[in-house]
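The values are calculated or read from the model by the stated rules, or taken from the named source; none is laboratory data. This is a predicted model, so every value here is computed, not measured. Cβ coordinates were reconstructed from backbone atoms using ideal geometry, including for glycine residues, and neighbour counts include every protein chain displayed. Quick note on the areas: whole protein, heavy atoms, side chains included, nothing else; ligands and nucleic acids left out. Shrake-Rupley method; radii C 1.70, N 1.55, O 1.52, S 1.80 Å.
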Amino acid sequence: MMKTIRHLTMVQLDGTSAVAPSADLVLWSRIGSSYSPAALRTALEKHTVIDLRGMIRPSEDIALYTADMAQWPGTGELRSYKKAQRDWVEANDMCRRDILRRLRASGPLTARELPDTCRRPWASSGWNNNKNVTMLLDLMVLRGEVAGAGREGRERLWDLAERIYPNKPAVPAEKAERKRSEKRLSALGIARARGPECPIEPGDVGEVGEAAVIEGVAGEWRVDPAQLGLPFAGRAALLSPLDRLLFERRRMVDLFEFEYALEMYKPAPQRKWGYYALPILYGDRLVGKLDATFNRKSGELRVDAVHEDEPFSKAIAAAVDAEIADLAKWLKAEFTDAR
């Protein structure tokens with residue numbers, strides 16, 4: 001498991017579990033039925049892996065982020081949203097200090113167990129309006145003050161970062177940024193040199209690797225030279241919608257010509273592929289989507305549809321069916337084929 005997480009550099013935590021929690025589904029699809037979710041829980045409890053902003057990362061990688069934490073909200077001319085975040089934290093410094101005192105005395109704690117003494121509420125037109133403690137905790141993560149410490153049911157636990165992060169010196173910011181880009185390119189194999197800003201995990205890699213051209217696709221691309229010419233043995237795989245391969249939707253379209261959207265937020269009549277359809281990989285192509293759900297109470301894995309982007313050959317169909325059977329075995333589920 002750790003080898004896989006180190007290769008991917010991150011695995012996204014997500015509470016949606018229409019089939020299985022996304023992090024578990026990612027690791028099952030990569031490792032197979034020998035993967036045990038208990039192993040990931042143990043690694044989180046022992047801080048072998050760290051939850052950093054909803055992304056599970058190897059603990060040794062935290063040193064690549066702590067220099068930026070020390071410089072938060074950044075150096076030089078700040079963008080307007082970063083200035084607004086800085087000013088909001090400063091306005092609520094008393095609440096920030098209250099949270100740190102409470103965690104030091106009694107942590108780890110959930111957000112509901114922490115005091116909301118904010119003088120200025122968090123204003124937003126979205127779901128996080130007036131979610132003062134939650135938003136302050138997220139910004140305190142960016143400051144390197146608190147860290148995710150596991151979960152209590154569906155609620156996230158928080159503790160002082162010094163109790164969670166390994167006691168290792170920070171890698172200098174410029175060197176850390178390049179190292180993160182190198183690791184990102186190693187995980188992706190090929191990526192854009194420049195892309196839109198993505199604060200949690202960028203999709204671009206700057207100048208690391210070697211320049212590449214993709215026929216028919218615009219933009220400057222970089223490849224990991226260490227992976228060029230390596231032997232490739234493809235297989236069928238049922239992927240989490242949040243798998244690293246699919247993380248950047250534009251890259252997925254450019255490289256794989258694969259149309260996909262996570263449709264859980266759409267009304268049922270507007271869905272093309274299903275509430276939480278799993279992209280289907282075969283060899284080096286994304287070839288379809290699996291509409292399946294797992295009912296934990298009944299122990300039933302139900303497959304409602306396999307959407308074929310192009311008609312499957314007998315070999316592809318057999319390989320996909322075998323993966324569905326393996327998924328049911330891993331989930332210890334009774335399989336119902338409702339296609």
Report summary line: Residue-ordered couplings for segment 177-188, obtained by feeding phi - 60° into the Karplus form 6.51 cos²θ - 1.76 cosθ + 1.60 and rounding to whole Hz (Gly and Pro as x), are 4, 5, 5, 4, 5, 4, 5, 5, 5, 4, 6, 8
**Report entry** Loop sites in segment 219-292: GluC sites (Glu not before Pro), DSSP, at most 15 other Cβ within 10 Å
**Finding:** 220, 257, 259
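Quick check: from the Cα gyration tensor, does segment 153-220 come out rounded (a/c under 1.5), prolate or oblate?
prolate
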Query raised in the report: Does anyone have the angle between helix 314-331 and the longest principal axis of the chain? Alpha-carbon axes, 0 to 90°, nearest 10?
Result: 50
Query raised in the report: In segment 216-262, which trypsin sites (Lys or Arg not before Pro) are in a loop and have at most 13 other Cβ atoms within 10 Å, using DSSP for the loop call?
Result: 235
Query raised in the report: What percentage of the solvent-accessible surface of segment 218-339, computed with a 1.4 Å probe over protein heavy atoms, is contributed by carbon and sulfur atoms?
Result: 54
Report summary line: Which residues qualify? For residue 146, with a placed amide H closer than 5 Å and at least 5 residues away or on another chain, they are 141, 161
Query raised in the report: Hey, what angle do you get for helix 22-31 against the long axis of the chain, alpha-carbon based, 0 to 90 degrees rounded to 10?
Result: 50
Report task. Heavy atoms only, probe 1.4 Å: what % of the accessible area of segment 1-86 goes to carbon and sulfur, would you let me know? Result -> 50
**Report entry** Long-range HN-HN contacts of residue 19 with modeled amide H, under 5 Å
**Finding:** 294
Query raised in the report: Given that just one value was derived from the coordinates, which of [x] 20.1, 60; [y] 22.9, 83; [z] 21.5, 65 is Rg and Dmax of the Cα atoms in Å?
Result: [z]
Report summary line: Computed ³J(HN,Hα) along segment 69-82: with the Karplus parameters 6.51/-1.76/1.60, θ = phi - 60°, integer Hz and x for glycine or proline, the list is 4, 5, 9, 4, x, x, 10, x, 6, 8, 5, 4, 5, 6
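Specify the longest stretch of the chain that does not include any exposed loop site, a site being one of the chymotrypsin sites (Phe, Trp or Tyr not before Pro) with a non-H, G, I, E, B DSSP assignment and at most 15 other Cβ atoms within 10 Å.
Excluding the exposed sites themselves, the longest stretch runs over 1-126.
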Query raised in the report: Hey, what's the chain come to in accessible area per residue, 1.4 Å probe, Å²?
Result: 52
Query - Residue-level accessible surface for residue 296, protein heavy atoms, 1.4 Å, Å² - result: 120
Report summary line: Scalar couplings 3J(HN,Hα) for segment 281-296 by Karplus 6.51 cos²θ - 1.76 cosθ + 1.60 (θ = phi - 60°), nearest whole Hz, x for Gly and Pro, are 9, 9, x, 10, 10, 8, 10, x, 9, 9, 9, 9, 9, 10, 8, 5
Query raised in the report: residue 157's amide H: which non-local residues (gap 5+, or another chain) put their own amide H closer than 5 Å, with H modeled 1.01 Å from N in plane and none for Pro or chain starts?
Result: 149, 150, 151, 152
Requested in this report: At 1.4 Å probe size, with no ligands or nucleic acids counted, give the accessible surface of residue 146 in Å², nearest ten.
Outcome: 0
